[in-house]
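K.L.:
My structure is below; once you've seen it, I'll send some questions.
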Amino acid sequence: MSGDLRVLVVEDESSTREEMAALLSDMPEVAEVHSADNGAEAVRLLGTTTIDAAFLDILMPGLDGMDVARVLSVLSEPPSIVFVTASEAHAVEAFGIGAVDYLLKPIRPERLSDSVGRIAQLRRPENGGSPAEDLHVVQIDTGRRTVFVKRDEVQFVEAQGDYVRLHTAEGGHLIRLPLSYLEEVWASAGFVRAHRGFLVAIPWVRDLRVTSSSGLVAGTPAGDVPVSRRHGRHLRQQLLEAAKRDQLGRAARPRDGEHDPRQAS
């Protein structure tokens, strides 16, 4: 271990806990590995030890991984969170809490390595370059072809398990990234959390309205985005500020000389 990251593995299955600790110990980004076999022990450890990243099993007796994550979220400098579980059922809730990644058991070493690399990038000092600049264009390999999606063309983002779907005027593009990661690196471009499973790009929002099927939604040309009560107030504030700057819906407007299909001919 020669890196800078101090990580914590919280897992009640001893074999899985020992396997993850061993794999993490061999990664160049990792400096220290601590282990806990239950949530209560993890919380006690956090009172005396500084942690950069926590790998949390979701289903544990007593305090489960979600409970521990909520404790971590109130720290002045919370560690990056990666959930580890045998089921995809909690993926949306996990990313809503702010998880960097979501790993399915049995743990594949390459996926664990991807998570550690992502955490190391997120915690890299700002003078190393802005992650937002690195993702100004997203490269998506589909096997048969490579698609390049510009950030400014993305109207909203939807969490789907280990992946997110980038919604553009041309359709959806699936890529393996946590929603919380895009929320952080695309915040400067106007992407705001509208729901635990959705980000919406403020420049693409046309309106907020209440529907009979989905409740409050933010309308974009690519589709409606659900807006939760938890995130609704902040989203409204961001939309109001954008409207004052004449930036609301600007991405959806036609350029000079172009016909606006929303207007009658």
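The values are calculated or read from the model by the stated rules, or taken from the named source; none is laboratory data. Owing to the predicted nature of the structure, the values given are computational and were not obtained by experimental measurement. Here the Cβ positions follow ideal geometry from the backbone for every residue, glycine too, while neighbour counts run over all protein chains shown. Just the protein is used for accessible areas: all its heavy atoms, side chains included, with ligands, DNA and RNA removed. Shrake-Rupley method; radii C 1.70, N 1.55, O 1.52, S 1.80 Å.
K.L.:
How much accessible surface area, in Å² rounded to 10, belongs to the heavy atoms of Ser113 with a 1.4 Å probe?
P.N.:
Near enough 50 Å² of accessible area.
K.L.:
Hey, another quick one. In whole percent, and with a 1.4 Å probe on the protein chains, what portion of the accessible area of the range 1-75 is carbon and sulfur? Walk me through the numbers before you get to the answer.
P.N.:
On the way: 1710 of 3470 Å².
Here carbon and sulfur together make up 49 percent of the probe-accessible area.
K.L.:
Rounded to the nearest 0.05, what FRET efficiency is calculated for Ala187 and Leu45 with R0 set to 25 Å and r the Cβ-Cβ distance?
P.N.:
Values: r = 31 Å, r/R0 = 1.24.
The value I calculate is 0.20.
K.L.:
Further, regarding this structure: Work the Kirkwood hydrodynamic radius out for the range 153-222: mean of 1/r over every pair of different alpha-carbon atoms, inverted, in Å.
P.N.:
Details: mean 1/r = 0.0814 Å⁻¹.
12.3 Å is the Kirkwood radius here.
K.L.:
Name the residues whose placed amide hydrogens come within less than 5 Å of the amide hydrogen of Gln160, ignoring near sequence neighbours (fewer than 5 apart) on the same chain.
P.N.:
Arg165
K.L.:
Tell me the carbon and sulfur percent of the accessible area for the range 147-241, rounded to whole percent, probe radius 1.4 Å. Spell out each step's value before the answer.
P.N.:
Details: 2080 of 4460 Å².
After summing per-atom areas, the C and S share lands at 47 percent.
K.L.:
Kindly sort Lys105, Lys244, Lys150 by accessible area of their heavy atoms, largest first, with the probe set to 1.4 Å. Please report the intermediate quantities before stating the final value.
P.N.:
Working: Lys105 50, Lys244 145, Lys150 115 Å².
Largest accessible area first, the list is Lys244, Lys150, Lys105.
K.L.:
Net charge near Glu32, counting Lys/Arg +1 and Asp/Glu -1 over other residues with Cβ under 15 Å of its Cβ? Could the numbers behind the result be given before it?
P.N.:
On the way: positive: Arg6, Arg123; negative: Asp4, Asp26, Glu29, Asp52.
Once all neighbours under 15 Å are counted, the net charge is -2.
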